[in-house]
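Worksheet: the structure to be examined is printed underneath.
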Amino acid sequence: MSTGRSVGVDIGHGGIRVAVMGGEGAPIFEQQDTPVDARGPGRGTLDTDAVRGALRARLGNAARVTAAVPQSWLAPGVEGTPLDAHTAGLRALLSSVTKAPVDVVSAPVAALAGLLDGDTISAEGRWVVVADLGITHSEVVLCEFTDNGPRARTWASTGAPDPAHDPLWALAELANPRASHPQLLSFARELLLDLKYGQLRHADAALRHAKEKRAAGDPEVWQDFRLYAQPDLPVGPALDILEKRADAIEAVASRLHRACPEAGGAQLVLLGAGACFGPLREALLRGLGRTGPVAGQADGSPEPRPAYDDPVRQHAAARGAALSAAGRITLNDAFQHLLALLVHRRSGTELVERLAPLVADPHTGEAAFVYDPDRDRDAEIELSGSAALALWISRGGTAPYAPLPVDTAGLTLTPGRYRIGLRLDSPAAPVLVFVSVSDGATVSRPLTEVAPLAMSASAAPPSPGGSRAGHGL
């Protein structure tokens, strides 16, 4: 790998996928099994030392590395709980094998960008649902096509993956009840990595038939089904295992649909090994309140295009991450700037100014208020009808602070003392919050309404007439 290449990495419990862009020639796509710790309770315990060794040769000379991670690792969605500790661990792992800057982006959004770049799907309509149906972790993400590329608007997930509750491991134990731990690992891995849609048609038919007979009250269990040359799997117990996962996926899709009804009619893209199992696909559709075709799949067609085992689909997230690393597309639309409020207070006969930071936690959804270190509590800031809101901004969190032009005409704030804070309704949606000290009345406004230049990635905005008027504490 030559210097100057941009690398996208997608590390799953089944496979590591790497996309390399830059230098001469066409993009490079590589894939290998994810090393598994044989001492773990099941398939999902990664051997981090082996992962580090596998990545070192691929990332050592990279100019920039971007990792694709589950959307729910980045910020709260419909269900609220982020898995940011996983993101921190992945950053540390990648930073141990490369000196290049490491960024992290949403895997579903990156996959959508990768499929668009590969002309596999088209940007039809405004909305698209990307359903990443992993076996131990699934998430459904409502994305919006914008002029700047796909963006995640809201999502729901089944929560953190639990290696101790792995349906593929349970299927392996069902098919090989007397197998050793290494043999079970091998079979579970084959189920995960070698799923080919054409070979699953009989399995799906068997599962669907068994489900219909069970719903009709027929206790007879239909014939066993066979995946490739592997041992037979009893249909009834296999259906029990998969339907528990299906129930979780249906609940996730239902939460998303209730929160955003537009998800029901959106274009739908399926990713992940779980998409190969009919009961899981059908549960997703039920949760979204629909029965229509999946994106890239014509009505009546038994096989989606591209197929679930198609390399374009399998490398979609890594490809999108590499596009982001190369600067060809911006996938991380989080608010990455730092805001501060210029305040002043009397110190004897002097007027002392300082920049009080507005720092919201993207994982809580709660407002963080300007702090008064002298009183060890939220600051109370005097606002009058004629006083401008003195906001300053540090672009990217690294540039020097500069005044940010604001327009408070739409705030309709009664003159008085306020607690002023910042809230992130989503990674890309900062909101200013004003709470009246006198009566607790709250006014919230998107930052982009109050300061239209806030989201601009351009150079520092012009100073508003050179004024440094601040707010009194």
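The values are calculated or read from the model by the stated rules, or taken from the named source; none is laboratory data. It should be emphasised that the depicted structure is a prediction, and the values quoted were computed from it without experimental measurement. Note that each Cβ is placed from the backbone with ideal geometry, even for glycine, and that neighbours are counted across all protein chains shown. SASA here: full protein model, heavy atoms, side chains in, ligands and nucleic acids out. Shrake-Rupley method; radii C 1.70, N 1.55, O 1.52, S 1.80 Å.
Brief remarks on what is shown
- Within the set 274, 287, 265, the sole residue that is within 16 Å of residue 130 (Cβ to Cβ), touching a helix residue (DSSP H, G or I) at 6+ places or on another chain (Cβ under 7 Å) and modelled with pLDDT of 85 or more turns out to be 287.
- Enumeration of residues in the range 137-181 that are modelled with pLDDT under 80 and within 19 Å of residue 245 (Cα to Cα): 159, 160, 161, 162, 163, 164, 165
- Among the numbered conditions (1) open to solvent by 60 Å² or more (accessible area, probe 1.4 Å); (2) at pLDDT 80 or above; (3) under 21 Å from residue 449 (Cα atoms), the only one that residue 412 does not meet is (2).
- Selected residue (only one of 233, 227, 239 is in contact with a Lys or Arg (Cβ under 7 Å, 6 or more places away or on another chain), open to solvent by less than 20 Å² (accessible area, probe 1.4 Å) and modelled with pLDDT under 90): 239
- Among the residues making up the range 239-253, those that are in contact (Cβ under 8 Å) with a residue 24 or more places away in the chain and more than 15 Å from residue 132 (Cα to Cα) are 239, 241, 242, 243, 244, 247.
- Pick from the range 373-393, criterion modelled with pLDDT of 85 or more and not in a loop (DSSP other than H, G, I, E, B), ranking: nearest to the chain's Cα centre (by Cα): 393
- Long-range neighbours under 6 Å by Cβ, at least six apart or interchain, first residue under 20 Å from residue 273 (Cα atoms) within the range 33-49, second open to solvent by 10 Å² or more (accessible area, probe 1.4 Å) and of a type in the set (A, V, I, L, M, F, W, C): 35/50; 42/169; 43/169
- Sole exception among (1) crowded, with 16+ Cβ neighbours inside 10 Å; (2) assigned to a loop (DSSP other than H, G, I, E, B); (3) among the aliphatic types (A, V, I, L, M) for residue 422, by number: (2)
- Test: residue in the range 66-83 that is small (Gly, Ala, Ser), at pLDDT 90 or above and more than 30 Å from residue 173 (Cα to Cα): yes
- Some residue of the range 146-166 being out of contact with any strand residue (DSSP E or B) (no Cβ under 6 Å at 6 or more places or on another chain) and in a helix (DSSP H, G or I): no
- Selection within the range 32-63: residues that are assigned to a strand (DSSP E or B) and at pLDDT 90 or above. The member of this set that is surrounded by the most Cβ atoms within 10 Å (Cβ to Cβ) is 62.
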